[in-house]
């Protein structure tokens, strides 16, 4: 039976260092690896020339950097791009890039579908399938950066990231936080905390936890100032009403 390879996408610096040490390598090799993947866009182990040949061979036999497949791309007249990505299990997610004069914002998904059933949300109509793995979240950033560069962007196109696509990010907390750590890490994307925004319908305990463990910008989908109306628009409000949320 063939050995199942470890997908290294989505591991933050601490997890990557633990993995490389488990291979008999040093922690600084993990830091070099992060730079190859996220700063230089290299996913072929053989091209990571400051790693030893023996380590590259070990990675080739035991690890992988598995990306979703781009199923389709839509380009708007204002430069907005939407990609439909097919995951390994056949599910699909959407990722959107929105260019503006002073920034380029990437909107990424955190779940396949969504279970919150907000009345105004198109994703709610497809129901909930599963949480995304950390690798499936960060690969949206990697692919978008690669595709934008391939389409002619010469400078850094993605300056801001919003966890505002399909799904409720705070219901996938354990996968989302390592991804945020990679977005912040100077060895990966090196974004400032104010350039990363998480949008939530109001999962109050996870908001409090995020503020302590990984403070970034937060956007709350409020949509109504009265509980009676918000109960209809955002059913999660019945569990975490406005007074508790704010």
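Structure notes:
- Only one of the listed residues (210, 236, 229) is more than 20 Å from residue 166 (Cβ to Cβ), assigned by TED's automatic domain parsing to the domain that holds residue 165 and either assigned to a helix (DSSP H, G or I) or within 19 Å of the chain's Cα centre (by Cα) (or both). That residue is 229.
- Top-ranked residue of the stretch 88-103 - restricted to ones that are in contact (Cβ under 8 Å) with a residue 24 or more places away in the chain and within 30 Å of residue 233 (Cα to Cα), ranked as surrounded by the fewest Cβ atoms within 10 Å (Cβ to Cβ): 91
- For the condition closer than 23 Å to residue 132 by Cβ, free of Cβ contacts under 8 Å to residues at least 24 places away in the same chain, more than 17 Å from the chain's Cα centre (by Cα) and surrounded by fewer than 21 Cβ atoms within 10 Å (Cβ to Cβ), residue 18 qualifies.
- Some residue of the stretch 90-111 being closer than 22 Å to residue 180 by Cα and in a loop (DSSP other than H, G, I, E, B): yes
- Test: residue 10 is under 22 Å from residue 146 (Cβ atoms), in contact (Cβ under 8 Å) with a residue 40 or more places away in the chain and exposed (fewer than 14 other Cβ atoms within 10 Å of the Cβ): no
- Against the test of being closer than 30 Å to residue 103 by Cβ and modelled with pLDDT of 95 or more, the options 75, 51, 60 yield a single qualifying residue, 75.
- Top-ranked residue of the stretch 109-155 - restricted to ones that are at positive phi and free of Cβ contacts under 8 Å to residues at least 24 places away in the same chain, ranked as surrounded by the most Cβ atoms within 10 Å (Cβ to Cβ): 127
- Every residue from the stretch 21-34 that is surrounded by 12 or more Cβ atoms within 10 Å (Cβ to Cβ) and assigned to a helix (DSSP H, G or I): 21, 27, 29, 30, 31, 32, 33, 34
- Among the residues of the stretch 188-208, those identified as out of contact with any strand residue (DSSP E or B) (no Cβ under 9 Å at 6 or more places or on another chain), closer than 30 Å to residue 28 by Cα and surrounded by fewer than 19 Cβ atoms within 10 Å (Cβ to Cβ) are 190, 192.
- Per-region count, the stretch 35-78, residues under 22 Å from the mean Cα position of the chain (by Cα), surrounded by 11 or more Cβ atoms within 10 Å (Cβ to Cβ), assigned to a loop (DSSP other than H, G, I, E, B) and on the phi < 0 side of the Ramachandran plot: 6
The values are calculated or read from the model by the stated rules, or taken from the named source; none is laboratory data. The shown structure was predicted, so the numbers you read here are calculated from the model rather than taken from an experiment. Ideal geometry is used to build each Cβ from the backbone, glycine not excepted, and the neighbour counts take in all protein chains shown.
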